Amino acid sequence: MLRHTERKDVRPVDDIQRSIRSMLVEDLFVEVPEDRIGLDDGLRTTFGIDSLGFVELRVQCEDAFGVTISDEDFYTENFTSIRTISELVLKLRQETEAKV
């Protein structure tokens, strides 16, 4: 579930990263408190997310952020960490807004 805030001091990427942390803990059952998950922690290497977990994370991101992650974008480098996923989501949102 996306938890969007209207505060002016929070950048969109911060909201995205916070939401991804929440997904990891609540939906993928990562057993680490959200505030202890670093932006660059390896999702596979640090938290043991497997291929099924990455598919679930893809679907969660698409639903929460209103983007479509194509097969071309669904590769290891884009799903290495919270930072890489949030950068992908931000890029996809900007591309979608540019089309409108």
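In the stretch 31-100, the portion of solvent-accessible area held by carbon and sulfur atoms comes to 48 percent [1.4 Å probe, whole percent, DNA, RNA and ligands not counted].
Rounded to the nearest 20, the Cβ-based charge dipole of the chain about its Cα centre (Lys and Arg +1, Asp and Glu -1) stands at 320 debye. Residue order by solvent-accessible surface for D40, D73 is D40, D73, largest first, with ligands and nucleic acids left out and a 1.4 Å probe.
Scanning the chain for trypsin sites (Lys or Arg not before Pro) in DSSP loops with at most 12 other Cβ atoms within 10 Å, what's the longest stretch left with none? It would help to have the intermediate numbers written out before the result.
Values: sites that count: R3, R7, K8.
Here the longest run is 9-100.
The overall shape of the chain is oblate: from the C-alpha gyration tensor, with semi-axes ordered a ≥ b ≥ c, the ratio a/c is 1.5 or greater and a/b is no larger than b/c.
Extending 7 Å from the Cα toward the beta-carbon at both T45 and R11 defines two label points whose distance is 2.4 nm.
Pairs of Cα atoms under 8 Å, at least six residues apart: use those to get the relative contact order of the chain, whole percent.
On the way: 79 pairs, mean separation 31.6, N = 100.
It rounds to 32 percent for the chain.
When the Cα atoms of the stretch 49-100 are aligned to their principal axes, the ranges along those axes come out at 35, 18, 18 Å in descending order.
Kindly report the accessible area of the chain per residue (heavy atoms of protein chains, probe 1.4 Å, no ligands, DNA or RNA), in Å². Before the final figure, lay out the partial values.
Values: 6360 Å² over 100 residues.
Here the residues of the chain average 64 Å² of exposed surface.
The values are calculated or read from the model by the stated rules, or taken from the named source; none is laboratory data. Quantities reported herein were computed from a predicted structural model and do not represent experimental measurements. Because the Cβ atoms are built from the backbone with ideal geometry, glycine has one as well, and the counts that use them run over all protein chains shown. Areas reflect the complete protein model, heavy atoms only, side chains present, ligands, DNA and RNA absent. Shrake-Rupley method; radii C 1.70, N 1.55, O 1.52, S 1.80 Å.
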